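Q: Attaching a single structure in structure tokens format; questions to follow.
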Amino acid sequence: MKFLILGTVDFVSLNNYSDTATFAANKVLPSIVGITVEYTVTSNFIQGMSGLASAEGSGIIMSADGYILTNNHIINSADSSVYYEVSEATKVYVYLYNDETPYEAQIIGTDEETDLAVIKIEKEGLTTAELADSSAIKIGEFAMAVGNPLGMESSVTSGIISAVDRVVDSEAGNTFTLIQTDAAINSGNSGGALVNSEGKVIGINTLKLSGTGIEGMGFAIPINDTLNIYKDLIEHGKVLRPYIGIAGIDLDERTAEYYKLPLGIYVKQIQSGSPASSSEIKIGDIITAINSTEVTTMDELNTIKNKKNIGDKVILDIYRNNETKKVEITLGEEP
């Protein structure tokens, strides 16, 4: 029997990949911290019964004097139920790279909408993370997740960028536009860094999809999207956002057709003292556009509005009594 040799196989050295991973890990690890948070858990059924609970996560050192960026869901637990209530964090401890000393941290500010938080420890001379331009990342490039998964401090996992600008809904009901990666992200990795081949931070690991048949689907907040949030949390303890002051109902095609109305947002409530309350907009109006861009949902309206600054003017197209008119509103500061 004769065998035909149809081609040759080249052996590829993995030394370059290994060197890349080693360099990236060594560069970023001193800038990643472990975080332990303590809570009080109180029973809703047995009076006086309470105890302590803890959670773990990761964080990124943003300044040499101790400011650390992490996830809000690490600092503010939402794990309450009809059976028990979980308090806000009573203690937050930070563990530095190769240092077993627990440093108590102060909560500087938290933001549920972006799932970001800033804490601070009283220590100088810390190694700060170097940040990359997350808008420049490409699908397929090297990615490494660094953090404190399951209490295993200073762990790294590697993979690639699987997708960019991936829209994901969290269990808390928030919608994020995230970086997707197949680098393993586990419980406790939240708040840690997703870095590129140069060991520069491109994102903050925030969630993963899990379940039967799901593997290698982790997500990170692009680091560019965190910078203004980080600044606001330090300067104000909260994120300063523009607001209009309405509550609305999204009209789907079926509802709009039934009532012979245009697609848009039905204004069901106007907040007292809000910018909307001092404008010409009324309950029952249907918002169809903002600054000449058509909108059919509150999410679309808020996405455009949130790109503006407090004090900016916006023009809403509203439908009322079979007529369309324009209403100017000066954006206020969200309370």
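Q: Quick check on packing: order 126-139, 264-277 by the mean number of other C-beta atoms within 10 Å, highest mean leading.
A: My ranking of the peptides, most packed first, is 264-277, 126-139.
Q: Sort 110-116, 249-255 by the packing proxy (mean of other Cβ within 10 Å over each peptide's residues), most packed first.
A: 110-116, 249-255
Q: Also, I was wondering about something else. In segment 242-333, what percentage of the DSSP-assigned beta bridges are antiparallel, given to the nearest 5?
A: Beta bridges within segment 242-333, antiparallel portion: roughly 100 percent.
Q: Something else now. From the phi angles alone, apply the Karplus equation (6.51, -1.76, 1.60; θ = phi - 60°) to segment 248-255 and give each ³J(HN,Hα) in whole Hz, x where the residue is Gly or Pro.
A: Karplus-based 3J(HN,Hα) across segment 248-255 equals x, 10, 6, 8, 7, 4, 5, 5 Hz.
Q: Under Stokes-Einstein, with the Kirkwood radius over Cα pairs standing in for Rh, what whole-number D in µm²/s applies to segment 15-120 at 20 °C and 1.002 mPa s?
A: On the way: Rh = 15.4 Å.
Answer from the Stokes-Einstein relation: 139 µm²/s.
Q: So if I place +1 on the C-beta of Lys and Arg and -1 on the C-beta of Asp and Glu, and nothing else carries charge, what would the dipole magnitude of segment 31-152 be about its Cα centre? I want it in debye, nearest 20. If you can, show how the numbers build up before the last one.
A: On the way: 4 positive and 18 negative charges, 34 e Å.
In debye, rounded to 20, segment 31-152 gives about 160.
Q: So between E334 and T127, what do we pick up on full extension, going 0.36 nm a residue minus the alpha carbon distance?
A: Stretched out fully, the E334 to T127 stretch lengthens by 71.0 nm.
Q: Sorted by mean Cβ packing within 10 Å, highest first, what order do the peptides 201-208, 102-109 take?
A: Working: 201-208: 26.6, 102-109: 16.9.
Listed from highest to lowest mean packing, they are 201-208, 102-109.
Q: Calculate, for S278 and R320, the FRET efficiency according to 1/(1 + (r/R0)^6) with r their C-beta to C-beta distance and R0 22 Å; round to the nearest 0.05. Spell out each step's value before the answer.
A: Numbers: r = 18 Å, r/R0 = 0.80.
With a Förster radius of 22 Å, E is 0.80.
Q: Report, in listed order, any pair from K208/K305; K208/K282; K208/K307 with a Cα-Cα distance greater than 32 Å.
A: Beyond 32 Å between Cα atoms: K208/K282.
Q: With charges only on Cβ, +1 for K and R and -1 for D and E, what is the dipole size of segment 134-236 about its Cα centre, in debye, rounded to 20?
A: On the way: 5 positive and 11 negative charges, 26 e Å.
Using Cβ point charges on Lys, Arg, Asp and Glu, segment 134-236 gives about 120 debye.
Q: Would you compute, from DSSP H runs of 4+ residues alone, the mean residue ellipticity of the chain at 222 nm, taking -39500 (n - 2.57) per run and dividing by the full residue count, rounded to the nearest 500?
A: Calculated from helices alone, the mean residue ellipticity at 222 nm is -3500 deg cm²/dmol.
Q: Another one. Gain in length, M298 to N174, computed as 0.36 nm per residue apart minus the alpha-carbon separation, to one decimal in nm?
A: Stretched fully, the M298-N174 segment lengthens by 43.3 nm.
Every number in this text was worked out from the coordinates using simple rules, so none of it is lab data. Just so we're clear, the structure is a prediction, and the values are computed from it rather than from any experiment. Positions of Cβ are backbone-derived with ideal geometry, glycine not excepted, and every protein chain shown enters the neighbour counts.
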